[in-house]
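As structure tokens, the structure follows; a few thoughts come after it.
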Amino acid sequence: MNWDRIEGNWKQFKGNAKQRWGKLTDDQLEVIAGRREHLSGKIQEAYGITQEAAETQLNEWLGRMKDIHHADPAPAEAAKATTVN
């Protein structure tokens, strides 16, 4: 999964970001709008960490989002799987 996908589907990923970085407010997450640089900067500010540490956290989170995405079928696919003909 690449970052463009997260940015394009930010509303879906925003809750996961909120769980991971609980110090970020809903308003901050709205303004971030999935832009990696903005998210990295807000993580640095909120947690008092370096850019390098924030990027490491983002990369780890991105990997987990990839795992979650592959573990759960997309809603449309799940609906098809449960449809009885």
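The values are calculated or read from the model by the stated rules, or taken from the named source; none is laboratory data. Because the structure is a prediction, the values reported are computed rather than measured. Cβ coordinates were reconstructed from backbone atoms using ideal geometry, including for glycine residues, and neighbour counts include every protein chain displayed.
Suppose the filter is crowded, with 18+ Cβ neighbours inside 10 Å, modelled with pLDDT under 95 and either assigned to a helix (DSSP H, G or I) or in contact with a strand residue (DSSP E or B) (Cβ under 6 Å, 6 or more places away or on another chain) (or both); does residue 43 pass it? Spelling it out, it is not the case that residue 43 is crowded, with 18+ Cβ neighbours inside 10 Å, modelled with pLDDT under 95 and either assigned to a helix (DSSP H, G or I) or in contact with a strand residue (DSSP E or B) (Cβ under 6 Å, 6 or more places away or on another chain) (or both).
Kindly indicate the residue of the stretch 13-37 that is exposed (fewer than 14 other Cβ atoms within 10 Å of the Cβ) and within 12 Å of the chain's Cα centre (by Cα) and also nearest to residue 56 (Cα to Cα) among those meeting that condition. The residue in question is 19.
Filtered by the rule that a residue be over 14 Å from the mean Cα position of the chain (by Cα) and part of a helix (DSSP H, G or I), the stretch 46-55 gives 46, 47, 51, 52, 53.
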